[in-house]
Protein chains: 2
Amino acid sequence: MADEVILMSYWPSMFGMRTVIALEEKGVKYEYREEEDVINNKSPLLLKMNPIHKKILVLIHNGKPVSESIIQIQYIDEVWSDKNPFLPTDPYQRSQALFWADFIEKKLFLCGRNTWATKGEELEAAKKELIEILKTLQSELGDKLYFGGDTFGFVDIVLIGFYSWFPAYQKFGNFSIETECSKRMTWGKRCMQRDSVAKVLPDSEKVFGYVLQLKKVYGIE
Amino acid sequence: MADEVILMSYWPSMFGMRTVIALEEKGVKYEYREEEDVINNKSPLLLKMNPIHKKILVLIHNGKPVSESIIQIQYIDEVWSDKNPFLPTDPYQRSQALFWADFIEKKLFLCGRNTWATKGEELEAAKKELIEILKTLQSELGDKLYFGGDTFGFVDIVLIGFYSWFPAYQKFGNFSIETECSKRMTWGKRCMQRDSVAKVLPDSEKVFGYVLQLKKVYGIE
């Protein structure tokens with residue numbers, strides 16, 4: 001029996017982008033289901049498949065749900081292990097990849113959000129912190145092509161979704177990531193040359209328009 | 001050459017307790033180093049070994065550091081794979097164990113902290129949420145002996161450190177976890193029968209005294 005794979009996501013989600021890219025990298029055939037209203041009108045399937053958090057994103061494999069993007073990427077890597085491994089096999093290298101994924105998870109989303117959702121001192125602090133985070137990541141990348149070395153892997157997948165949000169962060173925060181972290185941006189362009197990434201990441205203008213909408217919804221001037 | 005394993009931790013840390021229990025379960029010989037002052041006087045070794053977060057806890061294996069307790073437990077499970085596996089081998093079951101670990105990680109610490117660090121409406125909300133979290137975990141435990149089934153495993157290790165903090169949460173918050181979640185507490189007592197857990201978890205009275213100190217330091221009445 002062929003695998004039935006469904007992903008319930010929402011296009012602007014950088015977390016959702018990760019999982020779609022992981023599926024694409026493995027060549028898995030999947031059905032993408034866009035959840036139109038992730039706040040006020042959650043679909044019955046979403047509520048059934050993620051009863052604990054009641055939110056996107058959910059990967060459903062042969063009827064069984066897996067939640068949380070980083071866990072989904074690990075799951076996809078383990079189930080479809082014959083192609084493009086994401087995590088290294090060496091336990092120490094694995095722990096380091098998981099460490100950087102965790103670092104991105106804990107730091108980047110909130111800080112990025114604050115570049116368009118705050119102003120004054122809070123905005124300045126967010127911009128400063130965002131640059132620090134990216135410099136730390138740039139230092140970890142070093143002269144490697146990708147975070148894991150020569151091949152696109154786990155940490156790249158975890159981070160790349162944010163790349164489509166950077167222009168919005170910069171415009172609303174009125175600062176330049178490229179000036180401060182050119183190596184990081186070269187990495188992003190390199191990732192964008194991959195079919196899996198180019199196909200999945202939304203146009204930055206579209207993300208910018210979405211952030212404008214969000215600001216209106218939340219009454220942020 | 002024998003493995004050199006050092007753990008830098010701080011005794012009240014429920015995160016540190018996880019990693020010590022994991023090492024004990026695997027029968028790994030390790031040196032435990034107590035960081036006396038994790039806020040104002042961090043040791044040079046700590047700063048060297050965790051330059052990114054500059055905080056406990058750090059596991060150093062043959063000179064190489066691994067940070068973040070959940071990643072440490074996975075690392076220990078992979079390196080010392082011959083004894084007491086923590087994570088199941090089936091990818092789906094692994095994803096579910098990781099999901100519950102993530103749930104505990106995201107929810108329990110902050111909510112627990114709010115039972116002694118807040119008052120009024122905030123305290124009431126924290127108590128209500130804590131009971132909800134524990135009921136959700138109780139429902140996941142169901143009639144199983146441990147979260148993974150018949151054997152003490154990954155989710156048990158992630159959760160058990162909080163068990164020594166429950167009496168403090170209850171006393172300061174003036175509510176009863178046992179009344180609401182008796183099955184959960186039976187699980188805690190069952191875990192406490194294991195040498196690894198009994199040896200590592202501090203006495204609840206000691207934790208209570210520590211919280212009293214914290215309240216003084218932070219000026220919380």
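If the requirement is being in a helix (DSSP H, G or I), out of contact with any Gly (no Cβ under 9 Å at 6 or more places or on another chain) and buried (at least 19 other Cβ atoms within 10 Å of the Cβ), which of these qualifies: A:Trp116, A:Trp100? Exactly one residue qualifies, and that residue is A:Trp100. Scanning the range B:40-79 for residues that are part of a loop (DSSP other than H, G, I, E, B) and buried (at least 20 other Cβ atoms within 10 Å of the Cβ), which turns out farthest from the other protein chains (Cβ to nearest Cβ)? In this case the residue turns out to be B:Ile56.
So for the range B:26-38 (the condition being of a type in the set (Asp, Glu) and over 30 Å from B:Ser204 (Cβ atoms)), does at least one residue qualify? Talk me through it step by step, then tell me what you get.
In the first step, residues of the range B:26-38 are kept if they are of a type in the set (Asp, Glu); the result is B:31, B:34-37.
From what is left, the residues that are over 30 Å from B:Ser204 (Cβ atoms) are none.
No, every residue in the range B:26-38 fails to be of a type in the set (Asp, Glu) and over 30 Å from B:Ser204 (Cβ atoms).
Among the residues making up the range A:152-199, those that are without any contact (Cβ under 8 Å) to a residue 40 or more places away in the chain and outside any helix (DSSP H, G or I) are A:Asn174, A:Ser176, A:Gln193.
Could you say which residue among B:Glu105, B:Glu129, B:Glu122 is closer than 30 Å to B:Asn174 by Cα, more than 16 Å from the chain's Cα centre (by Cα), within 14 Å of chain A (Cβ to nearest Cβ) and surrounded by fewer than 18 Cβ atoms within 10 Å (Cβ to Cβ)? Lay out the reasoning, then the answer.
Numbers: B:Glu105 fails: more than 16 Å from the chain's Cα centre (by Cα); B:Glu122 fails: within 14 Å of chain A (Cβ to nearest Cβ).
Every option except B:Glu129 fails the conditions.
Scanning for something modelled with pLDDT under 95, aromatic (Phe, Trp, Tyr) and not in a loop (DSSP other than H, G, I, E, B), does the range B:133-146 turn up at least one residue? There is no residue in the range B:133-146 that is modelled with pLDDT under 95, aromatic (Phe, Trp, Tyr) and not in a loop (DSSP other than H, G, I, E, B). Within the range B:29-39, the residues that satisfy the criterion of being surrounded by fewer than 18 Cβ atoms within 10 Å (Cβ to Cβ) and either within 13 Å of chain A (Cβ to nearest Cβ) or at pLDDT below 95 (or both) are B:Arg33, B:Glu34, B:Glu36, B:Asp37, B:Ile39.
Condition (residue is under 28 Å from B:Val217 (Cβ atoms), within 12 Å of chain A (Cβ to nearest Cβ) and touching a residue at least 60 places away in the same chain (Cβ under 8 Å)) applied to the range B:7-28: is it met by at least one residue? No: the range B:7-28 contains no residue that is under 28 Å from B:Val217 (Cβ atoms), within 12 Å of chain A (Cβ to nearest Cβ) and touching a residue at least 60 places away in the same chain (Cβ under 8 Å).
Does B:Gly142 satisfy the criteria of being more than 14 Å from chain A (Cβ to nearest Cβ), without any contact (Cβ under 8 Å) to a residue 24 or more places away in the chain and either within 17 Å of B:Trp187 (Cα to Cα) or touching a strand residue (DSSP E or B) at 6+ places or on another chain (Cβ under 6 Å) (or both)?
yes
Among the residues of the range A:80-101, those identified as in contact (Cβ under 8 Å) with a residue 12 or more places away in the chain, of a type outside the set (A, V, I, L, M) and at the interface with chain B (Cβ under 10 Å from one of its Cβ atoms) are A:Trp80, A:Trp100.
When you scan the range A:115-133, do you find a residue that is under 25 Å from A:Cys191 (Cβ atoms) and of a type in the set (Ser, Thr, Tyr), even just one? Yes: the range A:115-133 contains one or more residues that are under 25 Å from A:Cys191 (Cβ atoms) and of a type in the set (Ser, Thr, Tyr).
Can you confirm whether A:Val211 is in contact (Cβ under 8 Å) with a residue 12 or more places away in the chain and at negative phi? Steps first, please.
On the way: in contact (Cβ under 8 Å) with a residue 12 or more places away in the chain: yes; at negative phi: yes.
Judged against the criteria, A:Val211 is a match.
The values are calculated or read from the model by the stated rules, or taken from the named source; none is laboratory data. Model, not experiment: these values are computed from the prediction. Glycine gets a Cβ as well: all are built from the backbone with ideal geometry, and neighbour counts include every protein chain shown.
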